[in-house]
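Worksheet: one structure, shown below.
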Amino acid sequence: MSNGAGKILLDVRGLCASVAGVPILKGIDFTVRAGEVHAIMGPNGSGKSTFSKVLAGHPSYEVTGGTAVFDGVDLLELSAEERARSGFFLSFQYPVEVPGVANAQFLRLAYNTVLGGRGRDELDPLEFDDFVREKMKLLEMDPAFLDRSVNTGFSGGEKKRNEILQMALLEPKLAFLDETDSGLDIDALRIVAQGVNHLRSADNAVVLVTHYQRLLNYIVPDFVHVMDGGRLVKTGGRELALELEARGYDWIGKQAA
Amino acid sequence: MSAVLQNLIDQPYKHGFVTDIEADVVPKGLDESVIRLISHKKNEPDWLLEFRLAAYRHWLTMQEPTWPNVKYPPVDFQDISYYSAPKPKKMLASMDEVDPELLRTFEKLGVPMHEQAALAGVAVDVIFDSVSVATTYKKKLADVGVIFCSFSEAVHEHPELVRKYLGTVVPTSDNFYAALNSAVFTDGSFCFIPKGVKCPMELSTYFRINTQESGQFERTLIIAEEGASVSYLEGCTAPRFDTNQLHAAVVELVALDNASIKYSTVQNWYAGDENGVGGIYNFVTKRGLCKGVHSKISWTQVETGSAITWKYPSCVLLGDHSVGEFYSVALTNHMQQADTGTKMVHIGKNTRSTIISKGISAGRSNNSYRGLVKIGPKAEGARNFSQCDSMLIGETCGANTFPYIQVQNNTAKVEHEASTSKIGEDQLFYFASRGIDAEEAVSMIINGFVKDVFTQLPMEFAVEAGRLLGLKLEGSVG
Ligand SMILES: Nc1ncnc2c1ncn2[C@@H]1O[C@H](COP(=O)(O)OP(=O)(O)OP(=O)(O)O)[C@@H](O)[C@H]1O
Ligand SMILES: [Mg+2]
């Protein structure tokens, strides 16, 4: 899809971050243009989720160096909620349960806050109900999930679908999907992938974190990166994912050394 | 993030003003002569003086309880003034006679008086320090035979009713604070719903402690005769002082055959500052007696104030098929301590009780639920369901649950569920990543948490209680 001519949405330079005083990200360079799909792969514990949370503004992660510019704005200066309102979206690897808060109420507040901030009309509960049901159809989600508490008691796959529903509602400029495929059954993977493809446009971009090449059959990446030890150590086209699937990660370290 | 949470829960107390009204205060200290003086000032009949003196003599033999999970320096009972009445204390026939300063106080408190009361359809009995100064709607209620007046008035106008029921639910010897209250109570509310009458409006009382170092000891007595029903609302605020004030009320409810009493409280006594200086010690005995068959007593409380809350609104289910309910939200912040819960004592057959308790702790506060479910040997087919949930905000607060269950009849069924959850950084980050700031997130989570209790509150009260929780938890973020 990309011809390398889209405008730059995200530009990360030399990003370093620590959690609890332990350095995790050790100098990440990463550029995403409008219209592109990037996949980030890499061994467990290499820093992929940390990277996503640092970009989303998790308060436990301390940025110790580098820059991140999102759509022309210094991302690191913004609070987490401002990042969301400005069009950055994170689909969590482990979505949090919020007992007692109805999903419909949560989704509506998120919608009204994020899109209301972009000048869209706020929706009352009835209007929102119609609106969200349309989006749920796209993901073949049972409307019963509206009445349940946010993510509470949802199966792993149901949580992931609820994340993509939020992506559909919030219309982000850049969606960072952290292992959205893990936990999804075969049909769900296809449905969710179609949902994501449906939301793609020349103006937005998607970053996928995944361990499996299967997702990439559905959402075809323009670039595949390998994260290791808090750095992006290799970048290639989609064929890199196939090679990783066949050979594992070991050879990259040796090659880089 | 803990700074964010801190801001959220650091809301200044909005009722912390003192009304400058000349008050008739009895010197500090307690002995029989003080009790005689109170009784004399209130022009009481001999039997009531005897009731007080018997309570006082019993109190002298009692020890302050130490089992609650709360800590405070010993109370000096000789350092309290046991009677404070705003002057002039002649009976007031209409609101126009009320001291304008007092009315301004009510305005600041948001007490629905005058037309506000009329519009809201609320009859308000206002207790200011110890003397009831205004009762609205008495006439309309009188038309259907409902008596709603200050306790002192009831003593004079309906002595046979007061004498018949006073101390029958909470005996003078019941516990340390109940005995003290029985000895020195100064006023309170009295409510009587005669046979077959559904009280045509919600009855509401606002309590307020105004004088520094004056204890407040109200006495409330509500009687619903056969087939009668009433919904009673109690709201409480107190001004801000650096010293601690003692509030030791006694509330007695009696429900006869097929009667029902719903008693709702929103308590926002001054809680002390963020370092635990000042605040009300709220040591209250509330108990309802389901005396008749198919009677029902329901307690709903939203406790947000006081430095220390020690309170167990209870039901004694004597009549067969009687029903007891307890719905509670207790919020503690800063250095507040709460040890609250209920007792459901099943005596009659097929009696049922429900307990829903929601504790919210923030700051360095400590919040305990303590509940007793007792099924007596004759309580065939008795049922209880209890659910006790705790919510922690931040890392430095505590929550405990102490459920006591005693079953002496094996046909009874008792269920207990408990949970503890935490508003953690990850939950707030999840909301933030959807554009929702911490203040809104906390309010949404708390509202969800207390929903099962708030739906039990009368409409106007639910709105007020919601606003109150919001006030306690909102603040400038960042
Ligand atoms: N709060 C924390 N405290 C201490 N260490 C942490 C914390 N969060 C992450 N780490 C560590 O940071 C490293 C990177 O974790 P991260 O979750 O980013 O890995 P990942 O690449 O997403 O792994 P996976 O593929 O298993 O999801 C791990 O070693 C992890 O243990
Ligand atoms: Mg991860």
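The values are calculated or read from the model by the stated rules, or taken from the named source; none is laboratory data. Since the structure is predicted, the reported quantities are computational estimates derived from the model, not experimental observations. For neighbour counting, all protein chains shown are included, and Cβ atoms are generated from backbone atoms with ideal geometry for every residue, glycine included. Note: areas computed on protein heavy atoms with side chains; ligands, DNA, RNA excluded. Shrake-Rupley method; radii C 1.70, N 1.55, O 1.52, S 1.80 Å.
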For segment A:1-44, how many residues meet the condition of being more than 20 Å from the chain's Cα centre (by Cα) and either of a type outside the set (Gly, Ala, Ser) or at negative phi (or both)?
7
Can you tell me which residue in segment B:294-304 is nearest to B:Ile356 (Cα to Cα), limited to those that are touching a Leu at 6+ places or on another chain (Cβ under 9 Å) and in a loop (DSSP other than H, G, I, E, B)?
B:Thr304
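Grab the strands (runs of 3 or more DSSP E) fully contained in segment B:336-408, keeping just those with 3 or more residues being among the charged types (D, E, K, R). Spell out the reasoning first.
On the way: elements: B:337-346, B:352-361, B:366-375, B:383-393, B:398-407.
In segment B:336-408, there are no strands (runs of 3 or more DSSP E) which contain 3 or more residues that are among the charged types (D, E, K, R).
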So which of B:Gln387, B:Gln337 is within 16 Å of the chain's Cα centre (by Cα), open to solvent by 10 Å² or more (accessible area, probe 1.4 Å) and of a type outside the set (Phe, Trp, Tyr)?
B:Gln337
Can you tell me which residues in segment A:28-63 are within 9 Å of ligand 2 (Cβ to nearest atom), over 22 Å from A:Asp74 (Cβ atoms) and not small (Gly, Ala, Ser)?
A:Asn44, A:Lys48
So, of the residues in segment A:19-39 that are of a type outside the set (A, V, I, L, M, F, W, C) and over 20 Å from A:Asp71 (Cα atoms), which turns out to be farthest from ligand 1 (Cβ to nearest atom)?
A:Gly27
For segment A:106-116, what are the residues that are more than 7 Å from every other protein chain (Cβ to nearest Cβ) and either of a type in the set (Gly, Ala, Ser) or open to solvent by 20 Å² or more (accessible area, probe 1.4 Å) (or both)?
A:Arg108, A:Gly116
In segment B:50-65, which residues are part of a helix (DSSP H, G or I), open to solvent by 30 Å² or more (accessible area, probe 1.4 Å) and in contact (Cβ under 8 Å) with a residue 12 or more places away in the chain?
B:Phe51, B:Ala54, B:His58
Can you tell me how many residues within segment A:37-69 are open to solvent by less than 10 Å² (accessible area, probe 1.4 Å), away from chain B (no Cβ under 14 Å) and in contact with a helix residue (DSSP H, G or I) (Cβ under 8 Å, 6 or more places away or on another chain)?
5
Looking at segment A:219-245, which of the residues that are within 16 Å of ligand 2 (Cβ to nearest atom) and within 16 Å of the chain's Cα centre (by Cα) is farthest from the other protein chains (Cβ to nearest Cβ)?
A:His225
Residue in segment A:232-248 that is closer than 21 Å to A:Phe70 by Cα and within 16 Å of ligand 1 (Cβ to nearest atom) present
yes
Out of A:Leu189, A:Leu216, A:Leu169, I need the residue that is more than 14 Å from ligand 1 (Cβ to nearest atom), within 14 Å of another protein chain (Cβ to nearest Cβ) and among the hydrophobic types (A, V, I, L, M, F, W, C). Which one?
A:Leu169
Answer with yes or no whether A:Asp181 is without any contact (Cβ under 8 Å) to a residue 12 or more places away in the chain, surrounded by fewer than 23 Cβ atoms within 10 Å (Cβ to Cβ) and either more than 14 Å from every other protein chain (Cβ to nearest Cβ) or away from ligand 2 (no atom under 16 Å from the Cβ) (or both).
no
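Going residue by residue through segment B:363-381, is there one that turns out to be in contact with a helix residue (DSSP H, G or I) (Cβ under 8 Å, 6 or more places away or on another chain) and in contact (Cβ under 8 Å) with a residue 12 or more places away in the chain? Steps first, please.
Step one: of segment B:363-381, the residues in contact with a helix residue (DSSP H, G or I) (Cβ under 8 Å, 6 or more places away or on another chain) are B:363.
Imposing the further condition that a residue be in contact (Cβ under 8 Å) with a residue 12 or more places away in the chain reduces the set to B:363.
Yes: segment B:363-381 contains one or more residues that are in contact with a helix residue (DSSP H, G or I) (Cβ under 8 Å, 6 or more places away or on another chain) and in contact (Cβ under 8 Å) with a residue 12 or more places away in the chain.
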Failed item in (1) surrounded by fewer than 22 Cβ atoms within 10 Å (Cβ to Cβ); (2) at pLDDT 95 or above; (3) within 14 Å of chain B (Cβ to nearest Cβ), with A:Glu97 passing the rest
(2)
Residue check, B:Val277 farther than 30 Å from B:Cys397 by Cβ and over 13 Å from the mean Cα position of the chain (by Cα):
no
Output the strands (runs of 3 or more DSSP E) that fall wholly within segment A:40-149 and possess 3 or more residues being within 16 Å of ligand 1 (Cβ to nearest atom), or say none.
A:61-70
Quickly run through segment A:70-92 and pick out the residues that are away from chain B (no Cβ under 12 Å) and open to solvent by 40 Å² or more (accessible area, probe 1.4 Å).
A:Asp71, A:Gly72, A:Val73, A:Asp74, A:Leu76, A:Glu77
From A:Val206, A:Val224, grab the single residue that is closer than 19 Å to A:Leu25 by Cα, touching an Asp or Glu at 6+ places or on another chain (Cβ under 9 Å) and modelled with pLDDT of 95 or more.
A:Val224
Can you tell me which residues in segment B:422-453 are assigned to a helix (DSSP H, G or I), touching a Phe, Trp or Tyr at 6+ places or on another chain (Cβ under 8 Å), surrounded by 21 or more Cβ atoms within 10 Å (Cβ to Cβ) and facing chain A (nearest Cβ under 7 Å)?
B:Tyr430
Could you list, in sequence order, the residues of segment B:454-465 that are at pLDDT 70 or above, in a helix (DSSP H, G or I) and in contact with a helix residue (DSSP H, G or I) (Cβ under 7 Å, 6 or more places away or on another chain)?
B:Phe454, B:Ala462, B:Ala465
Find all pairs meeting these conditions: Cβ atoms under 6 angstrom apart; at least six residues apart or on different chains; first residue within segment A:223-252 and on the phi > 0 side of the Ramachandran plot and of a type outside the set (A, V, I, L, M, F, W, C); second residue within 13 Å of ligand 1 (Cβ to nearest atom) and modelled with pLDDT of 95 or more.
A:Gly230/A:Ile24; A:Gly230/A:Leu25; A:Gly230/A:Lys26; A:Gly230/A:Gly47
